[in-house]
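Read through the structure below, which is laid out as C-alpha cells, and then see the notes.
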Amino acid sequence: MTSASFHPAAGPARRTVVAAAGAAGLTVVLAACGGSDEDASSDTGTAPSSPASDEAGGGGSGGGENAGAGPALAATADIPEGGGKVFADQKVVVTQPAAGEFKAFSATCTHQGCAVKSVSDGVINCPCHNSNFSITDGSVQGGPAPKPLPAVQITVSGDSIRLAG
C-alpha cells in the first residue's frame, strides 16, 4: 500500500517529456533545412528574371554582360554540339542543341526528384526510372516523368557559360 502512494496517477514520465522536446527540436531543424533546399530548387524553374541577358532559351553568343552572373560553369567548348553536360553540384544540365546555341535546365527529374546523370543521343537521361528529356526544350521524350525539366537561366559571354543572377 505504501508503494502505491509514491507513484503519481497522472502526468507523463520525465523520459517521455525529454524525448518529446528533443523530437520537436529536431523537427524544427529539419524543417528549416528542408525549406531552404525547396525554396532554392523552386526558384530555378520560375519565369525569366533578366530579359537583358542571354537566357537559356536564347542563342549563346553572349554580349559580355556579367553583372549579376554567377561563377563560370564551363567553357562553351566543354559542351558538345547535339549533347550536353550535367553539373551535379549546381543541379543544372547545360546543352548545345545546335552550334552556338546553349540551353540549361534543372538536373532534378520531374518524376520523383532523382538527379539526371547523362546526356546522349539528343536526350537528357534520368537513371532512376528511365525518363528522358529533350536537350532543346527540356520536354519529356520518354518514361514516367509528368512534366518537362524547368529551364535555368544562363549567360554566355565569349567562351564562358555562367548561371545567371
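Please treat every number below as a calculation from the coordinates, not as lab data. Quick caveat: nothing in here was measured; it's all calculated off a predicted structure.
Could you give the length gained on full extension between residue 88 and residue 114, defined as 0.36 nm per residue of separation minus the Cα-Cα distance, in nm? Can you show the working numbers first?
Details: separation 26, 0.36 × 26 = 9.36 nm, distance 1.12 nm.
Result for the pair: 8.2 nm of gain on full extension.
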Phi angles of segment 104-113, converted by Karplus (6.51 cos²θ - 1.76 cosθ + 1.60, θ = phi - 60°) into ³J(HN,Hα) in whole Hz with x for Gly and Pro, give 9, 9, 4, 8, 9, 4, 7, 7, 9, x
